[in-house]
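One structure is given below, encoded as C-alpha cells.
The values are calculated or read from the model by the stated rules, or taken from the named source; none is laboratory data. Note that the structure is a prediction, hence the values are computed from the model and not measured. In this analysis, Cβ positions are derived from the backbone assuming ideal geometry, glycine residues included, and neighbour counts consider all displayed protein chains. With ligands, DNA and RNA removed, areas are computed over all heavy atoms of the protein, side chains included. Shrake-Rupley method; radii C 1.70, N 1.55, O 1.52, S 1.80 Å.
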Amino acid sequence: MALCLGQVFSKDKTFRPRKRFEPGTQRFELYKRAQASLKSGLDLRKVVQLPDGENINDWIAVHVVDFFNRINLIYGTLSEFCTEKSCPIMSGGPRYEYRWQDGDQYKKPTKLPALIYMNLLMNWIESLINNEDIFPTRESLFQRTFSRCARRY
C-alpha cells in the first residue's frame, strides 16, 4: 500500500497538490461552509445557494477551486493507468474526440493522447485559478468583469 501511495504522490507524476485556502480568511470560512453543506444531504439547491451576506464572486471562486481539486484527485489516480499507448486519443466514447488548441504551442485543433491532453487542460485551468486578474487572493477584489471573464473560459 505504501508503495502505491508513493507512486501516486511522486513528484515525477502528474498529480498536483490541492490548492488550499488560508485559515482565518473569508474564503476558508466559505470553504468550510460549502464542505458542511455537501456532507449534510443531497439538496443541491441548498448546497449551491449563496449564504446570506456573502459575496457571490468569492462563493463562486471557492466552488471553482474545490471542483478543480476534486477533479485533480480523480485525474491523478487515472493518469497512472492511462498511458499514451493505452489511451492514444482523448475521447468521450466512440462518437466524440477532443482536440487541443491553445493558440501558442497548438495553433490548430490537435489530436493528442488523453494523458497529454488532460495534463495540458489541468495546467491551463490551474493557470486561470492562479491568475490574480481572474481569481484575486485578497477577499472580494474581483474586477467587475469577473462574471464575464469566467463565462469566456
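Please verify whether Q7 is among the polar types (S, T, N, Q), open to solvent by less than 40 Å² (accessible area, probe 1.4 Å) and either at pLDDT below 75 or not in a loop (DSSP other than H, G, I, E, B) (or both), treating the condition exactly as stated. Answer is no for this residue. When N131, N57 are screened for being touching a residue at least 40 places away in the same chain (Cβ under 8 Å) and either among the polar types (S, T, N, Q) or surrounded by fewer than 12 Cβ atoms within 10 Å (Cβ to Cβ) (or both), only N57 passes. Are there any pairs, at least 6 apart or on different chains, whose C-beta atoms fall under 8 Å, with the first in region 87-106 and polar (S, T, N, Q) and the second surrounded by fewer than 12 Cβ atoms within 10 Å (Cβ to Cβ), and if so, which? The qualifying pairs are Q101/K107; Q101/K108; Q101/P109.
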